Structures are given as structure tokens and as C-alpha cells.
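These notes are about the structure you will find just below.
The values are calculated or read from the model by the stated rules, or taken from the named source; none is laboratory data. None of the values given here were measured: they were computed from a predicted structure. Here the Cβ positions follow ideal geometry from the backbone for every residue, glycine too, while neighbour counts run over all protein chains shown.
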Amino acid sequence: MPLVDVPLPLLVIVGPTAVGKTEFSIRLAERLHGEIVSADSRLFYRRMDIGTAKPSPEDRARVPHHLIDVADPDETWSLALFQRMAYQVIAAIHAREKLPLLVGGTGQYIRAIIEGWNLPKQPPDLRLRNVLEKWSKSIGPFELHRRLTIIDPEAAGKIDPRNLRRTVRALEVIFRTGKRFAEQRQRVASNYSVLMVGLRRPRAELYRRIDERIDQMIADGLVGEVQTLLASGYSPDLPAFSAIGYRQIIQYLQGKCSLEEAVSEMKRSTRQFVRRQANWFKYNDPSIHWFDIQDDTLEQVEALVRNHQVWKRQ
């Protein structure tokens, strides 16, 4: 039977890196006749599989997945492009009378969909961007981010200081328009009836899972994956390679650190990233139904979804 309520339903699964979103969302989608829309910016890129903990081909065969492997590493997927493509994918899932599950830990990508962000339409100014990139090389990415903090603290607070591409883009829009970047992200009415579920684990357990995941990435051949990408002609300076794991292994391959040091930095950076993720999805947010992952959590979440009054089927 079709889902008849308007606006149409969107189930959102959020939580920190390594909490277990991938397997949980697949099992839930199997029970709810759903399809998964990835909201993880690291999963866009083809051939970047090990370092992103990308769902395996076997996982993707269990449940349809969308917005994974949609770009080459030297292509840039902006937030605006993701939003546009996600809207199209979600509409197609609804047309198939299936339930879309938006799953990921990239806060701004989730919020852009469920809050209906009206993103700045300012086209790229390549000359200005080049100037800003040269400036960053002179003063460093952290100092450039500090300058953004002075101009637009709200926007800067949502950008990782190491993410030079996003810092440059924010400054580019500010200088072109004369308006703060945060002011230009207006919201429009959401197209969806959203039910948001958050997954969490005790901090010590989560950190242990992070360490185990990274050790497994190394065992699975992350160094070889990065070597193959670089040997294929991709520049080590590509924004895609700023993702945790890739930048540390590139530094190792460039002789700037040992493999042990690279792995240690991967673990430290991932823990920092988890703390930043918490700024997007807070435990006291009344719009998020938080669950500690336990043996019966899947059944609890399934019951929550099936009993959600707005989504009652005819």
C-alpha cells in the first residue's frame, strides 16, 4: 500500500562515525521495504573504498543504495549539488512506494535536506578563488579559517579548519556578495515529514570501535589503495584526499611520517571529528529519537517507525 500522507515520509538515521549506522540501516531498510540515500560526503568518490568504510558490494546488493560512487576523486560535489541530487533520488524512491532512509554522519548534508536550506546561488568566481587559495598558502589554512571566524563566526563554526575548500568557498561568497555566508543559507519549508533516529554508544566503546576500524583499514590495504590512486594520476592535493585517512597515508607515502605515526593521527583526528559531529546532532535535541545500540535496538526503532502516527498506511 502506498504511503499517502503529505508531506511524504523521510526516515533519517544519524550518529557518529563507527557507531554502526551502515549495518543497522541496511537491516532496518530490509524490514521496512526501504532504500538508503547516503549523506556521507566521503562516499561520493569511486575507488576510495577502504578509507571511507564504504558499504561493500554485498551490502549494497541487500538494499538499494544511492549517492555512492557518483564522482571521480578529481570531481567536486558541492553541498548544493548533493541537495539537488538527493531531492531527485528521494522523489524516485517515493514514486516506487518505498521508504527513503537518509543515512550519514555529515551534519550539514543531513540538515540541508531536512531543513530545506536555500543555498547561496552565487556562481564560482575562479579569479577570487585563486587569490584566496594563494593567500592560504601564504598564511596557512588555519589562519585563513581564523580570518573567516572574525568575519562570520557562525559559518566558521561549522567548517573544519583543515577543510580549506569550504573555508575558501565561504570567503568567496562573502567577498562577492558583501553578506555573511551564514545569512545566505535561508531555509524554506521542508518537503518531508521527517522522523529522525540517532544511534549512540558509550564513548569508550565508540573510541575502541574507531581504533579497530582504522587498524582493519590498514590490514585491508588502505596504503595500497592510496598508492593506486596516486599512481593513476590523481593529485595528492585534491579536496577528496583531505578526508581522514587519505591525507595521513599520503603524508606517510611522501616520507613525512612513519606508518605508525599516520595511523595514530588517523585515530586522533577521527575522535576529534566525532566531537564535531556532536555539534550537529545533540543528545538534548527533541527532534532526534536517540537509541543506545543494544541487542533489541533494531526492533525498538522498527516499532517507532511503524507506530509513527503521521506515517500510518491505509
task = Those residues that are in a loop (DSSP other than H, G, I, E, B), within 18 Å of GLN108 (Cβ to Cβ) and not charged (D, E, K, R), I need them from segment 40-56; list them, please.
result = THR52
key: Search result, residues across segment 21-36 that are of a type in the set (A, V, I, L, M, F, W, C) and either over 20 Å from ARG306 (Cβ atoms) or surrounded by fewer than 22 Cβ atoms within 10 Å (Cβ to Cβ) (or both)   = PHE24, ILE26, LEU32
task = Select from segment 255-299 the residues that are of a type outside the set (Phe, Trp, Tyr) and in a strand (DSSP E or B) and write down the one among them that is surrounded by the most Cβ atoms within 10 Å (Cβ to Cβ).
result = ILE288
task = From the list GLU23, GLU97, GLU35, pick out the single residue that is more than 19 Å from ALA240 (Cα to Cα), without any contact (Cβ under 8 Å) to a residue 60 or more places away in the chain and assigned by TED's automatic domain parsing to the domain that holds GLY233.
result = GLU23
remark   = All conditions in (1) in a loop (DSSP other than H, G, I, E, B); (2) touching a His at 6+ places or on another chain (Cβ under 6 Å) are true of VAL37 except (1)
note = Given the conditions (1) over 18 Å from ILE249 (Cβ atoms); (2) outside the structural domain of VAL14 (by TED's automatic domain parsing); (3) in contact (Cβ under 8 Å) with a residue 12 or more places away in the chain, every one holds for LYS179 apart from (3)
inquiry  = Between SER264, SER258, which is without any contact (Cβ under 8 Å) to a residue 24 or more places away in the chain, under 19 Å from ALA204 (Cβ atoms) and small (Gly, Ala, Ser)?
reply    = SER264
